[in-house]
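Below: one structure, written as structure tokens.
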Amino acid sequence: MTAAQLDGTAAAAAIREEIAARTANLPQLSLAVVLVGEDPASAVYVRNKERACKKAGIRSVAHRLPADTSREHLLALVATLNADPEIDGILVQLPLPKHLPEREILDAIVPEKDVDGFHPVNQGRVLLGDRDALAPCTPAGIMELLRRNGHDVSGRRAVVVGRSTIVGRPLAALLISQNATVTVCHTKTADLAAEVARAEYLFVAAGRRGVVKPEWITPGCVVVDVGIHRLDDGTLTGDLDFAPCAERAAAITPVPGGIGPMTIAMLLANTLRAGLLRRGLTE
Ligand code: NAD
């Protein structure tokens, strides 16, 4: 079996165009992007997000702060952005430098502008099955990519490897809302191979290369690889060994070109949604 590719680059481009068509008929939407420090990977992510905003007709307003920015200064900036009527969405790029309390900073963003979907109110809404919630971008992007490729998880066995608050947990909640039967695996899972073998839909977000062996995957499974690793030669790869997994899967996401672009597309979608909700408009 050779798997169909779930093409995140193409889906993300289509979503950007749809959003651009909508923003063209709206007052200017604006996303504030806060980057603290000089982490090179974060700088690349922020640049990509700024570029994507531009293509979707969204203004991005960057706040690049030095690595020694204080907690008080950052909280004051968030408070200013919260109150700014020109700003529709606020994104604080993670990871923050070690001395800054990440949870406290993220919780300070008003839920209505929390376009990353990390605020407890938005995470809670996702858990409650609220379709209007600003859902975390990566799990939302996964669900959207499946939808656009005609996959319906209803009644199917879904296995999620990873229970982080930004990927695994909210993904499990979104899958449950779409009537999948969900198993969430983590470092304490007793027999990962047996859990993976049961999957009709497999989602791997462990941040560990090779965490799932290709031979564990039941032929015909739909496989989503969320992991991102940069190898010494600069190439990007996922948590999975792509070629042998693709031989068994019915469909699979590549890395790069799978969930990464979808995550950015969902940031734009969340910014549009936040902007519309703030103005009392609908999509
Ligand atoms: P994390 O480190 O916060 O969480 C990893 C999870 O995987 C944990 O819950 C842990 O229990 C589980 N895990 C780790 N090793 C395991 C093992 N051997 N067996 C079973 N479970 C195991 O990571 P995260 O923030 O959720 O990110 C996961 C991966 O996804 C990373 O590679 C990250 O770079 C990538 N990521 C990609 C995107 C994207 O846009 N494509 C977005 C977010 C994260």
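Tabulated data
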item: Test: residue in region 242-254 that is outside any helix (DSSP H, G or I), modelled with pLDDT under 95 and either of a type in the set (Lys, Arg) or surrounded by 14 or more Cβ atoms within 10 Å (Cβ to Cβ) (or both); result: no
item: Set THR263, THR253, THR235: member being touching a residue at least 12 places away in the same chain (Cβ under 8 Å), over 23 Å from ALA193 (Cβ atoms) and either touching a Cys at 6+ places or on another chain (Cβ under 6 Å) or among the hydroxyl-bearing types (Ser, Thr, Tyr) (or both); result: THR263
item: Condition check for LEU202: more than 9 Å from the ligand (Cβ to nearest atom), touching a strand residue (DSSP E or B) at 6+ places or on another chain (Cβ under 6 Å) and part of a loop (DSSP other than H, G, I, E, B); result: no
item: Check on LEU94, surrounded by 24 or more Cβ atoms within 10 Å (Cβ to Cβ), at pLDDT 95 or above and outside any helix (DSSP H, G or I); result: no
item: Counted residues, region 134-157 - those being buried (at least 24 other Cβ atoms within 10 Å of the Cβ) and either on the phi > 0 side of the Ramachandran plot or without any contact (Cβ under 8 Å) to a residue 60 or more places away in the chain (or both); result: 2
item: The one condition in (1) over 19 Å from ILE228 (Cβ atoms); (2) open to solvent by less than 50 Å² (accessible area, probe 1.4 Å); (3) touching a residue at least 24 places away in the same chain (Cβ under 8 Å); (4) within 14 Å of the ligand (Cβ to nearest atom) that VAL184 fails to fulfil; result: (2)
item: Condition met for VAL211 (out of contact with any Cys (no Cβ under 9 Å at 6 or more places or on another chain), in a loop (DSSP other than H, G, I, E, B) and either at pLDDT 95 or above or more than 15 Å from the ligand (Cβ to nearest atom) (or both)); result: yes
item: Positions within region 120-130 being away from the ligand (no atom under 16 Å from the Cβ), touching a residue at least 40 places away in the same chain (Cβ under 8 Å) and either farther than 11 Å from ALA173 by Cα or among the hydrophobic types (A, V, I, L, M, F, W, C) (or both), in sequence order; result: LEU127
item: Whichever residue in region 207-233 is out of contact with any Lys or Arg (no Cβ under 9 Å at 6 or more places or on another chain) and crowded, with 23+ Cβ neighbours inside 10 Å and, among such residues, is farthest from ALA249 (Cα to Cα); result: VAL226
item: Qualifying positions in region 255-283 - open to solvent by 30 Å² or more (accessible area, probe 1.4 Å), part of a loop (DSSP other than H, G, I, E, B) and not β-branched (Val, Ile, Thr); result: PRO256, ARG279, GLY280, LEU281, GLU283
item: Residue in region 158-181 that is least open to solvent (accessible area, probe 1.4 Å), counting only those that are in contact with a strand residue (DSSP E or B) (Cβ under 6 Å, 6 or more places away or on another chain), more than 16 Å from the ligand (Cβ to nearest atom) and without any contact (Cβ under 8 Å) to a residue 40 or more places away in the chain; result: ALA180
item: Residue within region 221-237 that is within 16 Å of the ligand (Cβ to nearest atom) and in a helix (DSSP H, G or I) present; result: no
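Each row is one residue, and each column tells you yes or no for (1) part of a loop (DSSP other than H, G, I, E, B); (2) closer than 27 Å to VAL167 by Cα; (3) among the acidic types (Asp, Glu); (4) in contact (Cβ under 8 Å) with a residue 60 or more places away in the chain.
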| position | (1), (2), (3), (4) |
| --- | --- |
| ALA67 | yes, yes, no, no |
| VAL78 | no, yes, no, no |
| GLU86 | yes, no, yes, no |
| HIS99 | yes, yes, no, no |
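The values are calculated or read from the model by the stated rules, or taken from the named source; none is laboratory data. Source: prediction; values computed, not measured. We place every Cβ from the backbone using ideal geometry, glycine too, and count neighbours over all the protein chains shown. Keep in mind that these areas ignore ligands, DNA and RNA; they rest on the heavy atoms of the full protein, side chains included. Shrake-Rupley method; radii C 1.70, N 1.55, O 1.52, S 1.80 Å.
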